[in-house]
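Scroll down for the structure; my scribbles are underneath it.
The values are calculated or read from the model by the stated rules, or taken from the named source; none is laboratory data. This is a predicted model, so every value here is computed, not measured. FYI the Cβ positions are ideal-geometry reconstructions off the backbone, even for glycines, and counts take in every protein chain you see. Ligands, DNA and RNA are excluded from the accessible area calculation, which covers all protein heavy atoms including side chains. Shrake-Rupley method; radii C 1.70, N 1.55, O 1.52, S 1.80 Å.
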Number of protein chains: 2
Amino acid sequence: MNENTTGEESSVSDLQSGRLSDFAYSSIKEQLTRGAYKPGHKLPIRSVAEMLNVGATPAREAINRLVFEGALVMVGPKTVIVPHLDLAALYEVTQMRLALEGLATEKGALRATNDVVDKLLSLQEKITLSLDEKRYGDALHDNKEFHFAIYRLCEMPHLLSTIEALWLRVGASFHDLYPEFAEAKYGVHNHLAAIEGLVDKDPSAVRAAMENDIRDGYRRLKKAAQERLKRQ
Amino acid sequence: MNENTTGEESSVSDLQSGRLSDFAYSSIKEQLTRGAYKPGHKLPIRSVAEMLNVGATPAREAINRLVFEGALVMVGPKTVIVPHLDLAALYEVTQMRLALEGLATEKGALRATNDVVDKLLSLQEKITLSLDEKRYGDALHDNKEFHFAIYRLCEMPHLLSTIEALWLRVGASFHDLYPEFAEAKYGVHNHLAAIEGLVDKDPSAVRAAMENDIRDGYRRLKKAAQERLKRQ
DNA sequence: TTCATAATTTTGTTATAACAAAAATCATGA
DNA sequence: TCATGATTTTTGTTATAACAAAATTATGAA
């Protein structure tokens with residue numbers, strides 16, 4: 001009774017395990033990062049189960065896992081929702097991102113090959129093009145690719161998965177306001193500086209560029225969130 | 001707590017949530033940090049369920065959560081074990097600890113009240129006493145209390161829970177070798193330096209002290225682990 | 001013995017039903 | 001209109017059974 005007629009997207013962390021729990025987890029996660037649910041949207045187990053054509057057990061497990069990760073929040077003993085904008089959490093996650101993504105950057109910078117640099121350059125081209133054509137979803141996707149292409153260099157899997165959890169944490173509640181913050185060609189300069197640092201084999205320069213990128217993004221997101229909150 | 005005949009009357013260490021899954025989770029976690037299971041020990045769902053007098057569902061959920069957090073590892077599609085010593089993971093977690101616990105320390109240092117300082121001093125006394133009397137379990141417990149008393153100051157809950165996950169991650173596989181590393185009155189000097197920095201309202205001094213503590217611990221743990229591995 | 005293979009047991013996963021508790025809805029009175 | 005209490009519906013949790021797949025043990029041949 002569970003034949004996944006709807007499009008199933010397999011994620012990176014979903015390693016062909018075939019577990020319905022993992023399928024449900026990746027599905028919800030995908031929806032969240034696409035901004036499919038507005039903040040405040042309720043996610044009852046049975047609704048999720050029905051939507052994904054699975055039983056209650058995998059749905060429940062997926063939801064609980066996302067709650068643990070902070071991508072969803074419990075606002076009552078029996079109600080989990082997509083989190084509302086929370087500037088305190090945004091600040092906190094930003095601080096953690098600076099520390100952890102800075103670490104990953106610095107540890108991996110010297111391992112960048114020419115292939116990686118080429119990949120980054122082409123990603124950056126795609127990003128600028130997407131921004132020009134106002135395809136913000138694509139721009140955000142490639143922006144994430146750009147960051148993680150650098151973070152993967154250090155080959156520290158625990159670190160990488162922790163960073164991924166941080167992206168998901170703010171992504172869930174802030175995604176629907178990324179477009180209005182992405183318009184300003186955010187990040188282009190910092191990305192180019194990072195690439196330059198990689199070519200120059202200068203880890204602290206790369207780290208500085210990435211930290212700048214994170215801080216710039218934080219400022220824009222915060223501003224957009226404040227305006228959004230004021231308008232309501 | 002595990003000998004009730006029929007009644008599932010709650011247990012002592014059950015932390016108020018009432019969920020059997022949480023009870024199972026904290027129970028296993030407690031056992032792990034106490035070093036009750038040797039590395040390589042298998043944790044099948046049904047055995048855990050029977051041991052805790054719960055059904056398969058809560059046991060399964062607790063185990064999967066610990067796997068996800070890295071406190072347990074899957075070595076096959078149907079086998080999760082207590083992880084073996086892994087120096088690469090120890091290094092990785094140490095780097096993350098330096099970044100995150102350094103961050104927490106620096107952000108919270110200026111908020112230390114006299115009460116906190118007194119608490120730290122009394123904890124440090126307890127630690128030295130425990131070490132003198134070779135009660136290493138107690139020493140380790142209070143050592144953790146010492147660290148988190150400082151980390152709590154910054155009031156960043158996401159950061160705190162991430163740090164806790166890191167402690168659990170190495171704790172599970174390294175706990176049974178803490179005694180032989182704790183003998184050397186590890187940390188005393190660094191702890192005192194941290195307290196001094198708090199009193200002086202000097203955040204970077206506190207951070208330096210805590211980072212030193214983490215690095216010292218890393219070196220000792222690594223050495224002990226290497227000797228252990230060589231001996232086998 | 002040693003290795004491969006077959007037989008058997010163990011194990012993880014999932015759907016389901018039942019239950020208690022929470023949330024939503026309705027009814028009633030001021 | 002609003003609050004409040006009662007009722008109904010919804011919901012999370014858990015134990016359980018069934019199934020398929022993995023792990024283990026037994027078996028046999030070289």
Only one of (1) assigned to a helix (DSSP H, G or I); (2) more than 14 Å from chain B (Cβ to nearest Cβ); (3) open to solvent by 30 Å² or more (accessible area, probe 1.4 Å) is not met by A:HIS158, so which one is it? (2)
So which residues in the stretch B:33-53 are touching a residue at least 40 places away in the same chain (Cβ under 8 Å) and not aromatic (Phe, Trp, Tyr)? B:THR33, B:ARG34, B:GLY35, B:LYS38, B:PRO39, B:GLY40, B:HIS41, B:MET51, B:LEU52, B:ASN53
Could you figure out which of (1) in contact (Cβ under 8 Å) with a residue 40 or more places away in the chain; (2) among the hydrophobic types (A, V, I, L, M, F, W, C); (3) not assigned by TED's automatic domain parsing to the domain that holds A:ASP202 isn't true of A:VAL73? (1)
Does A:LYS134 satisfy the criteria of being outside any helix (DSSP H, G or I), assigned by TED's automatic domain parsing to the domain that holds A:VAL206 and not hydroxyl-bearing (Ser, Thr, Tyr)? yes
Starting from residues that are surrounded by 20 or more Cβ atoms within 10 Å (Cβ to Cβ) and outside any helix (DSSP H, G or I), keep the ones in the stretch B:66-77 and report whichever is farthest from the other protein chains (Cβ to nearest Cβ). B:LEU72
Taking only the stretch A:179-213 into account, find how many residues are open to solvent by 40 Å² or more (accessible area, probe 1.4 Å) and modelled with pLDDT under 90. 5
Going through the stretch A:38-65 one residue at a time, which ones are in a helix (DSSP H, G or I) and more than 10 Å from DNA strand D (Cβ to nearest atom)? A:MET51, A:LEU52, A:PRO58, A:ALA62, A:ARG65
(1) within 19 Å of A:ALA149 (Cα to Cα); (2) within 16 Å of DNA strand C (Cβ to nearest atom): which one isn't true of A:ILE81, the others all being true? (1)
Of the candidates B:ALA36, B:ALA56, the one satisfying the condition of being within 14 Å of chain A (Cβ to nearest Cβ), open to solvent by 20 Å² or more (accessible area, probe 1.4 Å) and more than 30 Å from A:LEU103 (Cα to Cα) is B:ALA56
Going through the stretch B:78-98 one residue at a time, which ones are surrounded by 21 or more Cβ atoms within 10 Å (Cβ to Cβ), within 11 Å of chain A (Cβ to nearest Cβ) and of a type in the set (A, V, I, L, M)? B:VAL93, B:MET96
Within the stretch A:41-53, can you find the residues that are more than 14 Å from chain B (Cβ to nearest Cβ) and open to solvent by 30 Å² or more (accessible area, probe 1.4 Å)? A:HIS41, A:LYS42, A:PRO44, A:ARG46, A:SER47, A:GLU50, A:MET51, A:ASN53
Kindly indicate whether A:VAL82 is touching a residue at least 40 places away in the same chain (Cβ under 8 Å), touching a Lys or Arg at 6+ places or on another chain (Cβ under 9 Å), more than 12 Å from DNA strand D (Cβ to nearest atom) and β-branched (Val, Ile, Thr). yes
Within the bounds of the stretch B:121-133, is there any residue that is away from every other protein chain (no Cβ under 14 Å), in contact with a Ser or Thr (Cβ under 8 Å, 6 or more places away or on another chain) and more than 22 Å from B:ALA104 (Cα to Cα)? no
Please verify whether B:VAL73 is farther than 24 Å from A:LEU103 by Cα and either over 16 Å from the mean Cα position of the chain (by Cα) or within 11 Å of DNA strand D (Cβ to nearest atom) (or both), treating the condition exactly as stated. yes
Could you say whether any residue in the stretch A:214-232 is hydrophobic (A, V, I, L, M, F, W, C) and open to solvent by 50 Å² or more (accessible area, probe 1.4 Å)? yes
Could you list all residues from the stretch B:125-142 that are under 13 Å from B:GLY187 (Cα atoms) and touching a residue at least 60 places away in the same chain (Cβ under 8 Å)? B:ILE127, B:THR128
Residue hits (the stretch B:99-120; away from every other protein chain (no Cβ under 14 Å) and basic (Lys, Arg)) are B:ARG111, B:LYS119
Looking at B:ASP118 and the list (1) buried (at least 20 other Cβ atoms within 10 Å of the Cβ); (2) in a helix (DSSP H, G or I), which single condition is not satisfied? (1)
